[in-house]
Amino acid sequence: MPDPYARPVTGVVNTPGGTATLTGLDLLRGVADGVLPRPPIDRLFGVHLVTAQSREVVFEMPAHGWLANEFGTVYGGALAFFATSAASAAVQTIAKAGTGFGALDLKVNFLRPTNTDGQTMTATGTIMHPGGQLVVSSGVITHGGKTVAIATGTTALHPGARA
């Protein structure tokens, strides 16, 4: 079996005429319920959307060996990706159908090393400030009952410009 990045890409969701009529929350719930495929990046990293409700999402991902840095702990970029996924998806929960969005900034605080022990990490994304077209959200990652990273970011919503 080839390395994960060398495998065929599957699960592209945002195809023309496909999901553009769904709200962000409906799209996320479709993925969580298995009605819509998981995005390719989630499949690559092993991310699973557990729940999605207005203003909050919960993701899980195993702290597996593919995420290891040279010290054997989860690479900070993988933690940033995971926290950002949750923070961005929280914003997506309030996006109306046909709304595009783009990240404007991101700050990640790494609080402690995360062992690649295969245990589940959880990322909870919440909206901190809905703000109309500029939304501030956070993603908090826990592993073994401890918070390991916190991300905050600002996202611009673009009604009528599905991205």
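Share of carbon and sulfur in the accessible area of segment 91-163 stands at 55%, probe radius 1.4 Å. Springs between Cα atoms under 10 Å define the GNM used for the chain, and in it the highest mean-square fluctuation of 144, 100, 30 occurs at 144. For residue 97, nonlocal amide neighbours, meaning residues 5 or more places apart or on other chains whose placed amide H falls under 5 Å from its own, are 23, 24. Translational diffusion coefficient, Stokes-Einstein: compute it for the chain using the Kirkwood radius over C-alpha pairs as Rh, at 10 °C and 1.306 mPa s, and state it as an integer in µm² s⁻¹. Taking Rh from Cα pairs, D becomes 99 µm²/s.
Here the simple spin-label model places points 7 Å from the Cα toward Cβ, and for residue 3 and residue 54 these points are separated by 4.5 nm.
Think of a 1.4 Å ball rolled over the protein heavy atoms: the chain then has 52 Å² of accessible area per residue.
Taking 38, 29, 112 in turn, the Gaussian network model of the chain (Cα-Cα springs below 10 Å) assigns the largest fluctuation to 112.
Counting pairs of alpha carbon atoms under 8 Å apart in space and at least six apart in sequence, what relative contact order in percent does segment 95-163 give? Don't skip to the end; give the middle numbers.
Working: 144 pairs, mean separation 31.8, N = 69.
Averaging sequence separation for qualifying contacts and normalising by length gives 46 percent for segment 95-163.
Of the residues 103, 123, 95, the one that moves most in a GNM of the chain with alpha-carbon contacts below 10 Å is 103. In a fully extended conformation the segment linking residue 10 and residue 146 would gain 45.6 nm over its present Cα-Cα distance, using 0.36 nm per residue.
Based on C-alpha pairs under 8 angstrom that are at least 6 apart in sequence, the chain has a relative contact order of 23 percent.
For the chain, the longest principal axis of the Cα atoms and the long axis of helix 76-92 meet at an angle of about 20 degrees. In terms of accessible area, using a 1.4 Å probe and ignoring ligands and nucleic acids, 120, 23 rank largest first as 120, 23.
Under the convention that each Lys and Arg Cβ holds +1 and each Asp and Glu Cβ holds -1, the size of the dipole of the chain around its Cα centre is about 240 debye.
The values are calculated or read from the model by the stated rules, or taken from the named source; none is laboratory data. Just so it is clear, the structure is predicted and the values come from calculations on it, not from any experiment. All Cβ positions, glycine included, derive from the backbone under ideal geometry; neighbour counts span all protein chains shown. All accessible areas refer to the heavy atoms of the entire protein, side chains included, with ligands and DNA or RNA removed. Shrake-Rupley method; radii C 1.70, N 1.55, O 1.52, S 1.80 Å.
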